[in-house]
Amino acid sequence: MPVSSGDGELAAAEWRGPDGIERNGTMSDLLQELLASRDFLLADGATGTNMFAMGLETGAAPDLWNLEHPDQVAELHQGFVDAGSDIILTNTFGANQYRLALHQAQDQVQDINQAGARIAREVADGSKRPVVVGGSMGPTGEILEPVGTVSQADVAEAFAAQAQGLAAGGVDVLWIETISSREEMAAAVSGAARTGLPVVATMTFDTAGRTMMGVTPEEAIEHSHGLDTSLVAFGANCGVGPGTLIDTVMGLKRGAGDEDILVAKGNCGIPEFCDGEIVYSGTHEIMAAYARMARDAGARIIGGCCGTSPSHLRAMAEALKEYAPAGEPDKTQIESALGPISAQEPAKRGKRVSRRRRGG
């Protein structure tokens with residue numbers, strides 16, 4: 001677990017790799033070691049939507065549970081590890097100063113992020129197999145210049161503060177997710193890179209095949225190649241549904257180089273109103289098919305996002321055991337197995353809703 005030197009930089013620390021050997025330095029190489037030795041890794045599922053099932057109230061910040069209900073946060077992490085996850089993400093998706101300000105908690109950035117990292121670290125270290133801890137860093141919710149009024153430099157500082165808290169708590173990698181704009185992606189990666197930790201990033205493509213800010217998958221991966229810091233992996237998360245996510249991964253693949261590692265972390269079906277509640281339409285069978293198609297599409301890190309429970313993750317893990325990729329699927333195959341690719345097509349049941357992710 002890394003320790004802070006007190007001046008915003010990380011002091012030397014010890015890291016334990018999957019072979020059990022402790023290594024000195026500030027940079028964990030666990031994720032890279034696992035990727036070098038395996039064809040794919042299984043990430044975890046949803047955080048926020050599972051916490052609602054555990055008692056989190058609508059409108060509350062899941063991130064505050066790191067301080068208020070650490071045992072329940074650990075229980076969720078443990079559920080994903082038991083289901084087969086090789087990577088678990090901290091409960092810190094909204095733990096930057098901009099998002100925490102909505103809950104009058106902007107002065108607790110360090111405490112919340114360190115606590116979230118330590119909870120996940122303890123669960124990972126208790127496993128009999130190597131489990132990567134990714135420090136989740138979601139969007140600020142701000143519109144950056146030149147379209148908005150918030151500067152990229154200010155947002156980079158906010159991400160740097162969050163990243164320092166996560167690093168001090170012991171994460172292996174910083175995991176930037178659900179980003180919509182090039183500007184915020186660049187700011188997030190810049191801030192995260194100050195820790196010296198490896199960085200993974202994903203964007204969300206939920207608007208007619210583009211991000212909310214109009215970025216296509218091909219443009220997104222091209223932009224990732226031009227960042228000042230090289231990413232360990234890049235991909236897509238959240239979005240509309242598993243069908244759209246697979247189509248997005250194929251778009252990323254078209255712009256990817258031979259060394260690119262792609263991430264697929266799609267929602268468990270499509271959110272709908274059913275009997276007065278928001279539910280996700282994905283079954284265990286659908287998520288199992290999604291996991292296999294993600295491998296077919298070229299993803300090497302596969303997980304779930306909103307609505308994905310540990311039991312869904314277990315079905316995905318079983319589906320991927322000894323699975324040999326069958327080649328890139330076409331639109332007909334995707335929609336037959338997973339549902340519509342286009343967000344404009346009608347839902348099969350209930351009324352589809354739009355729900356911006358709060359940590360899954």
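The values are calculated or read from the model by the stated rules, or taken from the named source; none is laboratory data. Since we're looking at a predicted model, the values are computed, not measured. Quick reminder, even Gly has a Cβ in these numbers, built from the backbone with ideal geometry, and neighbours come from all protein chains shown.
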> Which residue, of Ala43, Ala53, is of a type in the set (Gly, Ala, Ser) and either under 18 Å from Val263 (Cβ atoms) or in contact with a Pro (Cβ under 6 Å, 6 or more places away or on another chain) (or both)?
Replying inline: Ala43
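With the requirement that a residue be of a type in the set (Ser, Thr, Tyr), under 21 Å from the mean Cα position of the chain (by Cα) and assigned to a loop (DSSP other than H, G, I, E, B), what does the stretch 294-333 give you? Write out each step before concluding.
At the first step, the residues of the stretch 294-333 found to be of a type in the set (Ser, Thr, Tyr) are 308-309, 311, 323, 332.
Narrowing further to those that are under 21 Å from the mean Cα position of the chain (by Cα): 308-309, 311.
Answer for the stretch 294-333, where residues must be of a type in the set (Ser, Thr, Tyr), under 21 Å from the mean Cα position of the chain (by Cα) and assigned to a loop (DSSP other than H, G, I, E, B): Thr308, Ser309.
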> For the stretch 44-80, what are the residues that are under 27 Å from Ala236 (Cβ atoms) and in contact with an Asp or Glu (Cβ under 7 Å, 6 or more places away or on another chain)?
Replying inline: Phe80
> Do we find that Ala233 is in contact with a strand residue (DSSP E or B) (Cβ under 7 Å, 6 or more places away or on another chain) and without any contact (Cβ under 8 Å) to a residue 40 or more places away in the chain in this structure?
Replying inline: no
> What number of residues within the stretch 143-159 satisfy the criterion of being closer than 14 Å to Ser180 by Cα and aromatic (Phe, Trp, Tyr)?
Replying inline: 0
> Hey, among Gly239, Gly170, Gly196, Gly226, which residue is over 18 Å from the mean Cα position of the chain (by Cα) and at positive phi?
Replying inline: Gly196
> Within the stretch 289-303, can you find the residues that are among the hydrophobic types (A, V, I, L, M, F, W, C) and surrounded by fewer than 20 Cβ atoms within 10 Å (Cβ to Cβ)?
Replying inline: none
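Listed here are the residues, each with its yes/no results for (1) under 25 Å from Asp260 (Cβ atoms); (2) surrounded by 20 or more Cβ atoms within 10 Å (Cβ to Cβ); (3) at pLDDT 95 or above.
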| residue | (1), (2), (3) |
| --- | --- |
| Met287 | yes, yes, yes |
| Thr308 | yes, yes, yes |
| Glu318 | no, no, yes |
| Tyr323 | yes, no, yes |
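Tell me, please, whether a residue that is part of a loop (DSSP other than H, G, I, E, B) and over 23 Å from Leu42 (Cα atoms) can be found in the stretch 149-162.
The answer is yes; a qualifying residue exists.
So in the stretch 129-149, with the set limited to residues that are of a type in the set (Val, Ile, Thr) and surrounded by fewer than 19 Cβ atoms within 10 Å (Cβ to Cβ), which one is nearest to Ile302 (Cα to Cα)?
Restricting attention to the stretch 129-149, the residues satisfying the condition of being of a type in the set (Val, Ile, Thr) are 131-133, 140, 143, 147, 149.
Then keep just the ones that are surrounded by fewer than 19 Cβ atoms within 10 Å (Cβ to Cβ); that gives 143, 147, 149.
Details: Ile143: 29, Val147: 33, Thr149: 35 Å.
Top of the filtered list is Ile143.
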> How about the stretch 171-219: which of its residues are aliphatic (A, V, I, L, M) and in contact with a Lys or Arg (Cβ under 8 Å, 6 or more places away or on another chain)?
Replying inline: Val171, Met213, Val215
>> Can you name every one of the strands (runs of 3 or more DSSP E) wholly within the stretch 181-274 that holds 2 or more residues which are buried (at least 24 other Cβ atoms within 10 Å of the Cβ)?
In response: 199-203, 233-238, 262-266
> Name the residues in the stretch 275-284 that are assigned to a loop (DSSP other than H, G, I, E, B) and surrounded by fewer than 16 Cβ atoms within 10 Å (Cβ to Cβ), would you?
Replying inline: Asp275, Gly276, Thr283
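Please report, ordered by residue number, the helices (runs of 4 or more DSSP H) entirely within the stretch 41-128 with at least 2 residues that are surrounded by fewer than 18 Cβ atoms within 10 Å (Cβ to Cβ). Spell out how you get there, then give the answer.
Details: elements: 48-53, 65-68, 70-83, 97-100, 109-125.
Output list reads 48-53, 65-68, 70-83, 109-125.
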